[in-house]
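Below: the structure, in structure tokens.
Bear in mind these aren't lab numbers, they're just calculated from the coordinates by the rules spelled out. On a predicted model such as this, the values are computed, not experimentally measured, just so you know. Cβ placement follows ideal geometry from the backbone for every residue including glycine, while neighbour counts extend to all protein chains displayed.
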Amino acid sequence: MIECDDLNRAVVLFFGDENSPCESVANIQNAFPGSVGSRLAAQVLDVVAEFDRIPTNWDVETLPVAERRVLAEISASHPCLTLDSLNALRWYFSFTWK
């Protein structure tokens, strides 16, 4: 079973700390070698895919409003996610939609 701390670290590693989100499975696998890294990468990809499927309605939502709502939804779906992980997802969302 994957620990919450490992999942949160993997989410942050996945997006990296460059000028833009890098979406790097290799970052996860380098930090967590072997099957743990593979399982974490798969779980992070699942979380990001779910996050990407949350609909936004740009006719009525501004970027900050949509960002707060989408983060609240993913947080409710994945209560294990910490502020660091949610901030990484926020960065990804705002970078994608700006």
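Size check on the chain: the Cα extents along the three principal axes, sorted descending, read 45, 28, 20 Å.
Here is the list for the chain: GluC sites (Glu not before Pro) lying in DSSP coil, each with at most 11 other C-beta atoms within 10 angstrom of its C-beta, are E3, E18. Summary value for the chain: 34 percent relative contact order, contacts being C-alpha pairs under 8 angstrom separated by 6+ residues. Sparse packing (at most 14 other Cβ atoms within 10 Å of the Cβ) combined with a DSSP loop state is found for none of the trypsin sites (Lys or Arg not before Pro) in the stretch 1-73.
According to the calculation over all Cα-Cα pairs in the stretch 1-40, the P(r) per 10 Å bin from zero is 34, 54, 12, 0 %.
For the chain, the Cβ-based charge dipole about the Cα centre amounts to some 40 debye (Lys, Arg positive; Asp, Glu negative; other atoms uncharged).
Estimated from helical segments only, the mean residue ellipticity of the chain at 222 nm is -22500 deg cm²/dmol, where each DSSP H run of four or more residues counts as -39500 (n - 2.57).
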